[in-house]
Amino acid sequence: MSNRLQSSQQHEKEEGLHRITIVGGGAGGLELAVRLGKKLGKKKKALITLVDASRTHLWKPLLHQVAAGTLDSHADEREYFALARSNHFEFRLGRMDALSRDKKEIYLTATHDEDGSELLPRQAIAYDTLVIALGSQTNDFGTPGARENCIMLDSLAAAERFHQKLINCCLRAQTQAQAVGEGRFTVTIIGGGATGVELAAELHMTTKILSSYGLVNFHPEKDLKIVIVDAASRLLQMLPERLSAAVAKELRSIAVEIHTNEKVVEVSKEGVSMSSGKFIPSGIVVWAAGIKAPEFLKDLDGLESNRINQLVVNRHLQTTRDASIFALGDCCACPQGEGLPAVPPRAQSAHQQASMLADSLARMLQGKSLKEFTYKDHGSLVSLGNYSTVGSLMGALASGSVFIEGTIAKWMYWSLHKHHQVAVNGLFHTWLSTWAETIDRVRNPRIKLH
C-alpha cells in the first residue's frame, strides 16, 4: 500500500462554497446526494461530494433476487459517476477508514485494480459538514466458522457469488447419485427476517425454472432442500404475528423447512450445528441474521457509538459529540422519544431521513434552525417471489394496522422500488427504465443462467 496521502483541497473552497461530504451511496446516502445536488449544487450554493467504495449503486433490498438469479443486476445498477454528473454533485471512489475532526477530513484507503496494482492512493477529503450513511453489514455474533463458511448478503459481489454457487450446485446435482430420501444438496439460510424468507422463496422459484431449461435429471422438490434457521420463536419476529404466520404457511407449502428457537453454535464446511444438538448438512450456507454498522465506526475519533457500532445521533441526526457530523440510515441510532425504541434499520427509515436532512441542511446554510426527525412507520411488506406477497400497512393509512396480501401487496412491494428509482433517477427516466424492464422480461430468460 502506498504511503502517499492525496489531499482534496477542492477548488470550490476558494470560492467560499460550503463543503457537504456524504459517505455511503446506499439508499439514504444517494438520495441525499441527489436532493442536495438539485437544491444546492446546481445553484452553486454548496459543494456536494458523495464517497463510496463501489462504482455502481444497486438498491439493497434487491440483493436476494440477484442471489437467486431472478434479477440481472446489470439491468438495475446505476453508475455513480453518471448520477453525479446529471444531479450536480461530485463522486469520489474509495472506502473510508478514518476521520480527523480537528482537521475536518475523512481518509480513504488506497484502491487497487483486479491485478492488485494501486489505482488510487490513500486520500484525504475535507468537509465543512459530514454525513455518514454507510448502512449496515451482517452480524455473525462471533459464531465459530460463520465468516469462513457462510455467504453474507451484504453486497452485490456476495449476491453474485451465491448465484454462481447455486447454478454450479444444480449442474453438479444432475450427475451425482442421490441418497435415499435425501436431497442432493441443501441450502441453509440462517436468519428468519425479511432477507431470509424472501431468499428462500426466490430460490425455490429459481430451481423450478432451472429444471425447465434442460436440467432433465434435476427435480427441485426432490433434489433441493431449503432450510431456514432462526433463534427467535417465529419468523419475522419484528413484524405482526399474523404476517409471520402467513409467511410460514406459504413457505411450508413449497417444502421450505423451518427451524425456530434454534441457536446456531457453529458453521463448518459440512453444515450447521445448533445448540439443541441438531446438525443440518449443507452445500451452501447463507447468514442473514442480525446487523451491525461497520467496525471502524466504533469510537471513530471520539464519536459516540452503541454496541453494534451505530453512531448515536440526536433528533436532528447530528452526532452527539460533533454538531458538524450527521449520520442516517442503518449506521445511526436515532431516538424516537421517551420510552420508544430507536428508529428501526429499514429502507423506509433511510428514505425519510434523507428527505428530512436535505431540507434541514439547506435551512442550515440559510442560517435557520435544523429540523427534527420524526419516523413514520408505513408498515412492512415481504415478497415471496411469484407465490405471494404479504404485509401490514400502518400510520396514516389506517387506525392501527391493516393486513394485506395477494395482488395488492405485490403491487405495493413493486412500487417501493419504483419510489426509490424516482427519488434517484427522476420520473421520466424511471418510466423509460420500467418499459425497458418489461421488454427484457419478454426477450431474456426468466432467470440469469451465468
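The listed peptides 79-88, 310-319, ordered by packing as a protection proxy, come out as 310-319, 79-88 (highest mean of other Cβ atoms within 10 Å first).
Extent of region 19-79 along its three principal axes (Cα atoms, max minus min coordinate, largest first): 44, 18, 16 Å. Taking every alpha-carbon pair in region 276-373 and binning the separations at 10 Å intervals from zero gives 14, 39, 26, 11, 7, 2, 0 percent. Here SER268 and SER117 are evaluated by their C-beta separation; at R0 = 30 Å the FRET efficiency comes out at 0.25. Taking the convex hull of the alpha carbon positions in region 34-181 and averaging its projected area over all directions gives 13.5 nm².
A viscosity of 0.890 mPa s and a temperature of 25 °C, combined with the Kirkwood radius over C-alpha pairs in the Stokes-Einstein formula, give region 286-332 a diffusion coefficient of 223 µm²/s.
The fraction of all Cα pairs in region 242-319 landing in successive 10 Å bins from 0 to the largest distance is 14, 27, 25, 23, 10, 0, given as whole percents.
We did not get these values from a lab; they are worked out from the coordinates using the rules stated. Note that the structure is predicted; figures quoted are calculated from it, not measured. Note that each Cβ is placed from the backbone with ideal geometry, even for glycine, and that neighbours are counted across all protein chains shown.
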